[in-house]
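Below is one structure, written out as structure tokens; comments come after it.
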Amino acid sequence: MRNISLGFKKFRKAAFAFVALSFLIVTVSKAQDVVEGRTLFKSKCASCHALDHDATGPALTPKVNELEESFLIPWIRNNVELRASGNKQAIEAAKFSPSEMTAFPTLTDDQIKNIIAYAKAGEPKKVAEAGAAVKDEGVSSLSIAGVLAIIILSIIVLVVLGRAVKMLERLILEKQGIEVVEEDNVSLVTGVKGLFKNKKFVFFTVLCLVMVLGSFGWMGMWETGVHTGYQPTQPIKFSHELHAGINQIDCQYCHSGAFKSKNSTIPSLNVCMNCHKNVQARTDDGLISPEIQKIYNALGYDPDKQTYDKTKEKPIEWVRVHNLPDFAYFNHSQHVVVGEEAIRKEAGLKPTDPVCFACHGPVNTMEEVYQYSPLTMKWCINCHKDADISNKKNDAFYANVIAAHEKIKKGEKITPALLGGLECGKCHY
């Protein structure tokens with residue numbers, strides 16, 4: 001009997017270790033899966049799909065809950081190949097939209113599973129007050145429920161095993177002729193005090209608290225400085241959906257700097273006046289749109305007399321949405337012009353989509369612009385790892401790199417100037 005008692009004690013310790021390890025894995029890895037899936041969804045899928053409503057493609061959340069993962073993985077990786085194989089489900093799914101879904105052959109099974117996990121969990125965001133950032137909660141409610149279930153189950157297991165061990169010990173003592181005195185009418189308070197005198201229970205409780213706080217602390221620190229979803233209130237309610245979407249104004253018309261310099265530049269109000277000198281969106285009462293009137297007020301413009309009063313001019317205090325650290329150098333023209341082809345292919349953009357969508361998301365659908373991508377170093381590095389520039393020989397930048405390699409092979413002199421060392425932005429940024 002004593003061997004049985006010792007066996008139960010060993011089993012209880014093993015169960016405790018297993019539960020603790022499971023808790024840690026579920027809390028950290030599960031949350032990371034959803035966060036990673038969100039990043040992949042934003043960069044690969046969001047140009048055609050939304051989670052909760054149909055767009056170019058169907059709403060993803062109901063679809064991933066409806067379809068089997070064994071179908072979704074090959075479908076997402078290469079739907080054309082899956083349809084060509086004669087898969088009836090794939091052929092039927094392709095009828096949703098006349099636009100052919102982009103293939104993602106570089107995605108691994110784990111990455112696709114992360115996207116599916118995010119689509120099932122939904123958007124882990126909560127709307128903040130006006131002018132405040134929209135903060136990512138990081139851990140889904142499903143993950144939290146799973147962790148709580150594991151903790152409750154582990155407590156039940158420990159209590160049951162503890163009672164079983166006590167019962168066996170009592171039987172052993174009775175067999176040895178030792179009288180066991182049992183306490184009658186033990187109060188709830190006494191029971192709770194006794195529970196907290198149990199060193200194993202206290203250790204398990206403290207360990208759970210440390211892991212919970214540590215996990216949430218880790219995720220909080222991991223998201224420090226990441227402002228995905230940041231959507232400040234602007235002084236003028238400028239709708240990109242109206243201008244870039246409905247009116248199809250090219251991004252370059254306002255942000256011309258993105259195609260020829262480091263910065264994309266904020267357009268001056270004179271650019272706005274090219275249209276809004278005549279387009280005033282007057283109401284039936286003849287009143288000018290209040291948002292357009294703000295432009296006139298900032299310029300000191302009288303729409304009736306069509307004159308400017310320079311004494312009334314004042315700048316529009318736009319709130320910056322996308323902001324990189326001072327130590328990070330990013331050149332828009334290098335990506336938008338030189339790297340356009342590679343970025344388009346990596347982001348899965350359609351030929352009609354501006355290359356800007358790869359980083360800034362579907363701006364033509366945004367009533368108010370928000371930070372679409374995380375803009376973290378990991379996010380940039382992943383793109384630099386995957387982007388294919390093997391067919392960029394016709395561009396001057398890559399032609400210089402290839403020429404430099406040819407000179408190295410011949411043992412000729414290589415100078416920084418040959419590799420763009422005379423570019424002003426190399427030093428002055």
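The values are calculated or read from the model by the stated rules, or taken from the named source; none is laboratory data. In this text the structure is predicted, and so the values were computed from the model without any measurement. Don't worry about glycine lacking a Cβ; one is built from the backbone with ideal geometry, like all the others, and counts go over all protein chains shown. Heads up: the accessible areas ignore ligands, DNA and RNA and are worked out on the full protein's heavy atoms, side chains in. Shrake-Rupley method; radii C 1.70, N 1.55, O 1.52, S 1.80 Å.
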Cα Rg, Dmax, the range 313-422, angstrom units: 17.8, 62
Whole-percent carbon and sulfur share, accessible surface of the range 249-402, 1.4 Å: 55
Phi angles of the range 336-344, converted by Karplus (6.51 cos²θ - 1.76 cosθ + 1.60, θ = phi - 60°) into ³J(HN,Hα) in whole Hz with x for Gly and Pro, give 6, 9, 5, x, 4, 4, 5, 5, 4
Amide H contacts under 5 Å for Tyr301, restricted to residues at least 5 apart in sequence or on another chain and with H modeled in the peptide plane, are Asp309
Cα centroids of the range 66-92 and the range 321-361: how far apart, whole angstrom? 30
Suppose R0 equals 22 Å. What FRET efficiency, 1/(1 + (r/R0)^6) with r the Cβ-Cβ distance, do Phe96 and Asp52 give to the nearest 0.05? 0.85
For the range 206-211, Karplus-derived ³J(HN,Hα) couplings (6.51, -1.76, 1.60; θ = phi - 60°; whole Hz; x for glycine and proline) come out as 5, 5, 4, 4, 4, 5
